[in-house]
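One structure is given here, and the rest of the page talks about it.
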Amino acid sequence: MKSLLATAAIILSTLGTAHAAEWGTDVPKAIAKAKAENKLVVLDFTGSDWCGWCIKLKKEVFDTPEFEAYAAKNLVLVEVDFPRKKEMSAQQKATNQQLAAKYGIKGYPTIFVLEGSGMPVGKLGYMEGGPKPFIAELAKLKK
């Protein structure tokens, strides 16, 4: 009986996170996946632990079930983070700096949307209204 309860607890605990959007950090891998699956790549240039608008965007859009469902079907997500407190490898810091230079990032949050070939098709930022207007803008970019 204890084994059955433990198994049930594990299953229930994973159900809550099964729909969470998965954010990667490897852009070439994300582009390859997007190309293979006919999806867009979302590059979220963020200061995840200090940027107020970034935190607001994550809470109001990225962490919602509506966005997560849309992302699972249409997007490959990449976080390009510039934290102040969170630990990050020197290699990831350097990679993120190179990406910021490549895309001319001047502030956060900045969202670049790429097609499967890696070519940019749009640029977004925080917008009011939760996931609906954000998803609508992403849908316009998908050809």
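The values are calculated or read from the model by the stated rules, or taken from the named source; none is laboratory data. The model shown is predicted, which means the values in this text are computed figures rather than measured ones. So basically every Cβ, Gly included, is an ideal-geometry build from the backbone, and we count neighbours across all protein chains shown. Quick note on the areas: whole protein, heavy atoms, side chains included, nothing else; ligands and nucleic acids left out. Shrake-Rupley method; radii C 1.70, N 1.55, O 1.52, S 1.80 Å.
Restricting the search to segment 74-120, which residues are closer than 15 Å to Lys142 by Cβ and more than 16 Å from the chain's Cα centre (by Cα)?
Ser117, Met119
Give Ala136, Ala71 a once-over and let me know the one that is more than 12 Å from the chain's Cα centre (by Cα) and open to solvent by less than 70 Å² (accessible area, probe 1.4 Å).
Sole residue among the options that is more than 12 Å from the chain's Cα centre (by Cα) and open to solvent by less than 70 Å² (accessible area, probe 1.4 Å): Ala136.
Check Gly116 against each of (1) part of a loop (DSSP other than H, G, I, E, B); (2) more than 18 Å from Glu22 (Cα to Cα) and name the one condition it does not meet.
(2)
Here is a check on your reading of the model: is Glu115 in contact with a helix residue (DSSP H, G or I) (Cβ under 8 Å, 6 or more places away or on another chain), of a type outside the set (A, V, I, L, M) and open to solvent by 30 Å² or more (accessible area, probe 1.4 Å)?
Working: in contact with a helix residue (DSSP H, G or I) (Cβ under 8 Å, 6 or more places away or on another chain): yes; of a type outside the set (A, V, I, L, M): yes; open to solvent by 30 Å² or more (accessible area, probe 1.4 Å): yes.
Answer is yes for this residue.
If Arg84 meets every condition in (1) in contact (Cβ under 8 Å) with a residue 24 or more places away in the chain; (2) surrounded by 14 or more Cβ atoms within 10 Å (Cβ to Cβ); (3) of a type outside the set (Asp, Glu) apart from one, which number is that one?
Failed condition: (2).
In segment 119-143, which residues are modelled with pLDDT of 95 or more, part of a loop (DSSP other than H, G, I, E, B) and closer than 21 Å to Glu37 by Cβ?
Of everything in segment 119-143, just one residue is modelled with pLDDT of 95 or more, part of a loop (DSSP other than H, G, I, E, B) and closer than 21 Å to Glu37 by Cβ, namely Met119.
Determine which member of the set Val61, Val76 is in contact with a Lys or Arg (Cβ under 8 Å, 6 or more places away or on another chain) and either outside any helix (DSSP H, G or I) or surrounded by 13 or more Cβ atoms within 10 Å (Cβ to Cβ) (or both).
One residue alone meets the criteria, Val76.
Restricting to segment 27-58, what's the tally of residues that are exposed (fewer than 15 other Cβ atoms within 10 Å of the Cβ) and not in a loop (DSSP other than H, G, I, E, B)?
7
Would you be able to tell me the number of residues in segment 92-143 that are under 16 Å from Thr25 (Cβ atoms) and without any contact (Cβ under 8 Å) to a residue 12 or more places away in the chain?
Qualifying residue count, segment 92-143: 5.
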